[in-house]
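Below: the structure, in structure tokens.
The values are calculated or read from the model by the stated rules, or taken from the named source; none is laboratory data. Quick caveat, the model's predicted, so the values are computed rather than measured. Note that we place each Cβ from the backbone using ideal geometry, even for glycine, and neighbour counts take in every protein chain shown.
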Amino acid sequence: MIFGRSERGKPPVEPVTLKILVAGGFGVGKTTLVGAVSEIRPLRTEELLTEAGRPVDDTSGVEGKRTTTVAMDFGRITLREDLVLYLFGTPGQERFWFMWDELSEGALGAVVLADTRRLEDCFAAVDYFERRSIPFLVGVNCFEGASRYPAEDIRQALDLDDGVPLLLCDARDRESVKETLIGVVQHAMAYQADRRQTVTT
């Protein structure tokens, strides 16, 4: 690009920027997902877990976890020349849920990460987005050593509506995360189009 113009002489594309939330339970991989795909150094607000927090932070199933997000994770990824996603990872513990309303302001959609070892931990996130009519998909983070279940069994366990996509993903793998993010953008766009059509008919 020379003097702000592309090699073909076309003016630079002004990208559409979209806000996507990454939610789910404590230790499900939200910080890992944002870090795996962000093209900038992710902003992280992690603090060490302490003895004082042990009574309220359930680490069963994630005993090796030493830090926790206390505000948010933030990253950015350019999916296409004309499409940039800003990723906001929400805190997982209940005592930080008051921040979700502010983080969700203006969000196009959300990824709810799920861990089959602690599936109940993502119920609150599913309920939150359903109540606020924010389109979301469920990404089942495939942890090593975790039991694998058919997608339909997980869908039933989470009591998901038929229209909510459910994908298997690896929060450590950039390409897997990109596919998940593309999935939530496509789902959110279709969801918004359906709502507009409903309003006009």
*Candidates V70, V22, V34, filtered to the one that is among the β-branched types (V, I, T), over 15 Å from the mean Cα position of the chain (by Cα) and either at pLDDT 55 or above or assigned to a strand (DSSP E or B) (or both)*: V70
*Check E47 against each of (1) outside any strand (DSSP E or B); (2) modelled with pLDDT under 85 and name the one condition it does not meet.*
(1)
_Looking only at the range 150-178, count every residue that is under 17 Å from L108 (Cβ atoms), of a type outside the set (A, V, I, L, M, F, W, C) and without any contact (Cβ under 8 Å) to a residue 60 or more places away in the chain and tell me the total._
2
*For the range 110-124, enumerate the residues that are of a type outside the set (D, E, K, R), surrounded by 19 or more Cβ atoms within 10 Å (Cβ to Cβ) and modelled with pLDDT under 95.*
C122
*Please specify each residue of the range 150-201 satisfying the condition of being assigned to a loop (DSSP other than H, G, I, E, B), loosely packed, with under 14 Cβ neighbours inside 10 Å and not acidic (D, E).*
P150, G163, T201
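For (1) closer than 18 Å to R172 by Cα; (2) at pLDDT below 95; (3) of a type in the set (K, R); (4) touching a helix residue (DSSP H, G or I) at 6+ places or on another chain (Cβ under 6 Å), each residue gets a yes or a no:
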| site | (1), (2), (3), (4) |
| --- | --- |
| V84 | no, no, no, no |
| Q93 | no, yes, no, no |
| F98 | no, yes, no, no |
| N141 | yes, no, no, no |
_Exactly one of these conditions fails for A107: (1) outside any strand (DSSP E or B); (2) within 23 Å of D153 (Cα to Cα); (3) at pLDDT 70 or above. Give me its number._
(2)
